[in-house]
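Some notes on the structure that comes next.
Throughout, read-outs are computed from the coordinates displayed, never taken from laboratory work. Note that the coordinates shown come from a computational prediction; the quantities given were computed from them, not determined experimentally. Here the Cβ positions follow ideal geometry from the backbone for every residue, glycine too, while neighbour counts run over all protein chains shown.
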Amino acid sequence: MAVNPADVRRVSRNVGEVWVPKVGWLRFRWSRAVADGAKSYRITRDRAGRWHVAFAVAPEPIAAPGTGAAVGVDRGVVVSAALSTGELLNVPALRDGEKARLLRLQRKLARAQRGSNRRRKVKTAIARLKARETDRRKDWVEKTSTRLAREFDVIAVEDLKISNMTRSAKGTLEAPGRGVRQKAGLNRGILANGWGQLVTRLEQKAPGRVVKVDPRFTSQRCSACGIVDREARESQAVFRCRSCGFACNADVNAALNIRFAAGHAVTARGGPPLGGPENREPQHEYLLVR
């Protein structure tokens, strides 16, 4: 629905109201300022039963620092994002107590009768825990993407086809897939670490400064001597080159290779890569107050 300046008003420090046709004034938690340039708004209900009002705003891109600094970002399942600076970043997950409660609820759900009120309440409780995990991931993506856009002129990432990578491996009855359970676990890990969300927000906040490089051999190539050795990665976390003896965290080594590849791409183009953000308007959501 289109936004009229008279349709939004602030009631107190933490509460605002929005006018909804045929409904009237609805209160929402004023978690951030409503931009003057808001073009429209929509009201949605998430799987946890929470109502949100989202105002569509085209934000201004974050200005580059102008220092010429570049960073490579390697996205993973165990480490959400490894930077070529040596920093390891992780999406905050559910705490141990929350994981134990989720497991209990899932077992309770398996015993509940389909269509019963008990099953509905358990499903709602599970959805609230899942929503808490999703909120933390979104918050991490926003803070991490803003920080990278402010600190670096060029941000290099692997050009990954995430939709293809997270496709089910079940196959068909005639040709069933192999390692389906393991593939399902990998898919959940990729989605839980916000691979796609991070790059999308980087492209929106730092338009023209995100370089996507070929992901082949980034985890197998030594960032010191350039030798590709499939046996150099001794474990998930350890990379040790058998040619030059260089050793470091395997994810950081991959991030260094990504940054090096991006440097070649920038040089070949004669400067920072050109391009613009995707034609999307991020939704700033507010929690409706009942």
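With the convex hull drawn over the C-alpha atoms of the range 190-231, the volume per residue is 110 Å³. Distant-in-sequence amide contacts of residue 20, defined by a placed amide H-H separation under 5 Å and a gap of 5 or more residues or a different chain, comprise 25, 26. For the pairs 99/121; 22/130; 99/161; 121/143, flag any whose C-alpha to C-alpha distance is greater than 26 Å. Pairs exceeding 26 Å: 22/130; 99/161; 121/143.
Taking only the C-alpha atoms, wrap a convex hull around the range 61-151 and report its volume per residue in Å³ as a whole number.
Working: hull volume 10.5 nm³, N = 91.
In the range 61-151, the Cα hull volume divided by residue count equals 116 Å³.
For the chain, 248 stand unpaired, since no other cysteine beta carbon lies under 4.7 Å from theirs.
Take the alpha carbon gyration tensor of the range 41-82, find the square roots of its eigenvalues, order them as a ≥ b ≥ c, and report rounded if a/c is under 1.5; if not, report prolate when a/b exceeds b/c, else oblate. Taking the square roots of the gyration eigenvalues as a ≥ b ≥ c, the range 41-82 is oblate.
Working from Cα positions, state the angle (0 to 90°, nearest 10) between the long axis of helix 117-151 and the longest principal axis of the chain. Helix 117-151 sits at roughly 50 degrees to that axis. Taking Cα atoms only, the orientation of helix 96-111 departs from the longest principal axis of the chain by about 70 degrees.
Take every DSSP beta bridge whose two residues both sit in the range 70-287; close to 60 percent of them are antiparallel. Report the Stokes-Einstein translational diffusion coefficient (µm² s⁻¹, integer) for the range 17-66, Rh taken as the Kirkwood radius over Cα pairs, at 4 °C with viscosity 1.567 mPa s. Taking Rh from Cα pairs, D becomes 99 µm²/s.
Per residue, what volume in Å³ does the convex hull of the Cα atoms of the range 152-219 enclose? Could you put the intermediate results ahead of the total?
Working: hull volume 7.8 nm³, N = 68.
Given the Cα convex hull of the range 152-219, per-residue volume reads 115 Å³.
Tell me, how many Å apart are the Cα centres for the range 86-117 and for the range 12-41? The two parts, judged by their Cα centres, are 33 Å apart. The alpha carbons of the chain give a radius of gyration and a Dmax of 22.8, 72 Å, in that order. Phi angles of the range 79-92 translate, via the Karplus equation with coefficients 6.51, -1.76, 1.60 and θ = phi - 60°, into HN-Hα couplings of 10, 4, 8, 9, 9, 5, 6, x, 7, 10, 10, 10, 5, x Hz per residue; Gly and Pro are given as x. Considering all different alpha carbon pairs of the range 1-129, the Kirkwood hydrodynamic radius works out to 19.5 Å.
By the rule of a C-alpha distance below 16 Å, with chain neighbours fewer than 8 residues away ignored, the aspartates and glutamates paired with residue 123 are 46, 98, 133.
If you keep only loop residues by DSSP, which trypsin sites (Lys or Arg not before Pro) in the range 26-71 have at most 15 other Cβ atoms within 10 Å of their Cβ? Counting only loop positions with at most 15 other Cβ atoms within 10 Å, the trypsin sites (Lys or Arg not before Pro) in the range 26-71 are 32, 39, 47.
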